[in-house]
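The values are calculated or read from the model by the stated rules, or taken from the named source; none is laboratory data. The structure presented is a predicted model; accordingly, all values stated were derived computationally and were not measured. Cβ placement follows ideal geometry from the backbone for every residue including glycine, while neighbour counts extend to all protein chains displayed. Heads up: the accessible areas ignore ligands, DNA and RNA and are worked out on the full protein's heavy atoms, side chains in. Shrake-Rupley method; radii C 1.70, N 1.55, O 1.52, S 1.80 Å.
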Amino acid sequence: MPGFVRVTFLVALIFSGCSLRPIRCDAATLAGQTVQPGATLDVRFPVDKSFQDSAAEGGNPRPTQGRALVSFPKGFDPARAWPILVVLSTTDAGRTNLMDAPWYQPPALAEGWIVLASDATISTRQDSTSWRLALLAAALQTVRREWPQSAQWPVAFAGLSGGAKLSGVIGTMLASTSAVKPSGFFLAGINDDRLSVAYKMYHPPANFLNTPIWLSSGMSDQRAPYTAHEHVRASLVNTGFKRVRLETFPGGHEVNAAQVQLALRWFRQIGKF
């Protein structure tokens, strides 16, 4: 995991090159493609050198081009504010963020959220937090260069299992630099509280403890049973997080679409956006 100073420098670059300009009223575009409200774009974007440097930590190859799946709700117009749900997957077994995105797209779009999952166009030698953070930062930079006003849009993080743990870590790292103010965490199938560890390591602003956190537990989940979710909840509350919900559903180690939709609705109610 990169040090705090390096992370601060990396994430600060999200805003570089994002010069303010008038909002156009014609069809919105992203990375040269026309946005179709209610549909998903599969876009390619350049990865700046500093992001490449971070991704290459630990002997990884240098990703010069990124790939993102970006889903837009019906009625999307960049002149308005739209919340963004960032999807992160586990780093086990070659799993990528793009593979997990379809689990979240229907419920998130139904609630009026953009769904963003990022990756590189090459494979990593060792999947790491640095790799995931660099590609996410480059993807956000691409969005913000196209729509500078999107820097003010709410951003939530979602993941299953190892992806839930990674969501907590990366969301906290971004919050600590003020590049993103997380509006919620959807953590499914989680058996270890990495969010509290990241909070103590990266020291985000005090109001970070007001971020709503939804723990989603499948009643037949053998990898992350309900008792594990209870321990995670207790750990988060002990750290000082004020809005933590633990909800169950009839299922296993999976993402439940109904809970995603309810969680995103709750995030909106808490954040009043």
- Keeping to the range 185-200, report how many residues are open to solvent by less than 20 Å² (accessible area, probe 1.4 Å) and either without any contact (Cβ under 8 Å) to a residue 40 or more places away in the chain or on the phi < 0 side of the Ramachandran plot (or both). 9
- Task: Considering each residue of the range 39-57, count those that are open to solvent by less than 40 Å² (accessible area, probe 1.4 Å) and touching a helix residue (DSSP H, G or I) at 6+ places or on another chain (Cβ under 7 Å), and give that number.
- Result: 6
- Qualifying positions in the range 214-235 - crowded, with 22+ Cβ neighbours inside 10 Å and more than 18 Å from Ala258 (Cβ to Cβ): Ala224, Val232
- Looking only at helices (runs of 4 or more DSSP H) that fall completely inside the range 89-194, which ones have 3 or more residues that are hydroxyl-bearing (Ser, Thr, Tyr) and within 24 Å of Val232 (Cβ to Cβ)? 162-176
- Message: Test of understanding: among Pro73, Pro107, which residue is more than 29 Å from Ile122 (Cβ to Cβ), surrounded by 20 or more Cβ atoms within 10 Å (Cβ to Cβ) and not polar (S, T, N, Q)?
- Response: Pro107
- Message: Just to be sure I understand the filter: pairs with C-beta atoms under 9 Å, separated by 6 or more residues or on different chains, first member in the range 28-39 and within 21 Å of Glu111 (Cβ to Cβ) and in contact (Cβ under 8 Å) with a residue 12 or more places away in the chain, second member assigned to a loop (DSSP other than H, G, I, E, B) and polar (S, T, N, Q). Which pairs pass?
- Response: none
